[in-house]
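Chemist: Below are the structure tokens for one structure; questions will follow.
The values are calculated or read from the model by the stated rules, or taken from the named source; none is laboratory data. None of these values were measured; they are calculated from a predicted model. Because the Cβ atoms are built from the backbone with ideal geometry, glycine has one as well, and the counts that use them run over all protein chains shown. Please note that ligands, DNA and RNA were not included when accessible areas were found on the heavy atoms of the full protein model with its side chains. Shrake-Rupley method; radii C 1.70, N 1.55, O 1.52, S 1.80 Å.
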Amino acid sequence: MTQPLTCRFAPSPTGRMHAGNIFASLISWIVAKRSGGDVVLRIEDLDPDHSKQEFTDQIQKDYEWLGLGWDRGPYYQSQRQQAYQAAFEELVRTGNTYPCFCSRADIKHATQAPHPGEKRVYPGTCFRLTEQERNQKVAEFRARGRKPSIRLHVPQLTIQVHDMFQGTYSQRLDTECGDFLVQRSDGAFAYQLAVVVDDAAMGVNFVVRGVDLLPSTPQQMYLQDLFGFPHPGYGHVPLLVAEKNRRLSKRDHDAGLDKLKESYQTPEGILGHIAYVAGIIPTEEPQSADQLLRCADLTHLEHTIQILWH
Ligand code: GLU
């Protein structure tokens, strides 16, 4: 790669770091540093119901302790409402959105990055309302003190992602994604909108993250097109899984950073173990982030979706 890449760490402060987050961050850091670029830290505390200050603080200490430094930030999504509001208004003004009066079940997940099996295609119910029906619903909602959520209408368009690790991924927006939320009924902006606005504003030109977010990438690229933002490059790394199709989570205690510290003691011990399990170093031995920067072989991640954690 010739151009210096700006990558990012984008943790949601909803829990303690575990092997999966550490692994994705390590690869992001390596990709940036190998290109002579830098790393931005962005705390994705968009949803106040799920974010905790204690995790925000702890995550930063953990990155430092692991030797995964960042060059800019931390930026906080909770402090960037004005930027999201301006972007949102542009989408409304350009006629790309419509109010949605459908049930909350769909809407609940909108501020969180969707994980596997959670992708639902909205059938377009509220898009097809006549103007009269729409006005009536608005009035009904207003009478009950409620607000509709806002969806972005997507065209019949196939978007292709050329991914550093996963190869080419295609998604037809209208049938595989559907009109998606940009604002919840409680006013919170959706993850998809925030992430696109932030990546552009922070100069992120290469996104490294877990492959569970690959299906979100076409949506984000479509939003980038609407705003006239350049597309970053993408590298979606395999997920560390506890068992087939079950990503690591808080209940997998052996993968949590506290337990990793107990088992492997040093940052080098932990990074060496994770790198070995992921197959990017051939033998298990302690390795610092700087050592992995020099020797990890990332080609072993290509076309891999899941890696069994052990
Ligand atoms: N904050 C998201 C998560 O922790 C990651 C979002 C992204 O990388 O785009 O799942």
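Chemist: Looking for whichever is in a helix (DSSP H, G or I) and either of a type in the set (D, E, K, R) or open to solvent by less than 60 Å² (accessible area, probe 1.4 Å) (or both) here; the options are 240, 223. Which one fits?
Modeler: From the options 240, 223, the qualifying one is 223.
Chemist: So if I check each of 155, 215, which one is within 18 Å of residue 123 (Cα to Cα), within 16 Å of the ligand (Cβ to nearest atom) and surrounded by fewer than 21 Cβ atoms within 10 Å (Cβ to Cβ)?
Modeler: Criteria check complete, one pass: 215.
Chemist: Would you check if there is a residue in region 60-70 being within 12 Å of the ligand (Cβ to nearest atom), open to solvent by 50 Å² or more (accessible area, probe 1.4 Å) and either in a helix (DSSP H, G or I) or farther than 28 Å from residue 228 by Cα (or both)?
Modeler: no
Chemist: If you go through region 182-198 one residue at a time, do you hit one that is basic (Lys, Arg), open to solvent by 10 Å² or more (accessible area, probe 1.4 Å) and away from the ligand (no atom under 11 Å from the Cβ)?
Modeler: yes
Chemist: Just wondering, is there one or more residues in region 212-223 that are small (Gly, Ala, Ser) and more than 16 Å from the chain's Cα centre (by Cα)?
Modeler: No, region 212-223 contains no residue that is small (Gly, Ala, Ser) and more than 16 Å from the chain's Cα centre (by Cα).
Chemist: Any idea which of 12, 28 is within 10 Å of the ligand (Cβ to nearest atom), open to solvent by 20 Å² or more (accessible area, probe 1.4 Å) and touching a residue at least 40 places away in the same chain (Cβ under 8 Å)?
Modeler: 12
Chemist: Got a sec? Which of 38, 49 is of a type in the set (Asp, Glu), open to solvent by 30 Å² or more (accessible area, probe 1.4 Å) and more than 20 Å from residue 296 (Cβ to Cβ)?
Modeler: 49
Chemist: Since residue 253 meets every condition but one in (1) under 30 Å from residue 198 (Cα atoms); (2) free of Cβ contacts under 8 Å to residues at least 60 places away in the same chain, which condition does it not meet?
Modeler: Of everything listed in (1) under 30 Å from residue 198 (Cα atoms); (2) free of Cβ contacts under 8 Å to residues at least 60 places away in the same chain, residue 253 misses just condition (1).
Chemist: Those residues that are small (Gly, Ala, Ser) and either surrounded by 15 or more Cβ atoms within 10 Å (Cβ to Cβ) or part of a helix (DSSP H, G or I) (or both), I need them from region 87-101; list them, please.
Modeler: 87
Chemist: Hey, another quick one. When the residues of region 31-49 are filtered to those that are touching a residue at least 60 places away in the same chain (Cβ under 8 Å), in contact with a Gly (Cβ under 7 Å, 6 or more places away or on another chain) and within 12 Å of the ligand (Cβ to nearest atom), which remaining residue is farthest from residue 251 (Cα to Cα)?
Modeler: For region 31-49, the residue satisfying everything is 40.
Chemist: Within region 267-307, can you find the residues that are open to solvent by 20 Å² or more (accessible area, probe 1.4 Å), in a loop (DSSP other than H, G, I, E, B) and touching a residue at least 60 places away in the same chain (Cβ under 8 Å)?
Modeler: 288, 302, 303, 304, 305
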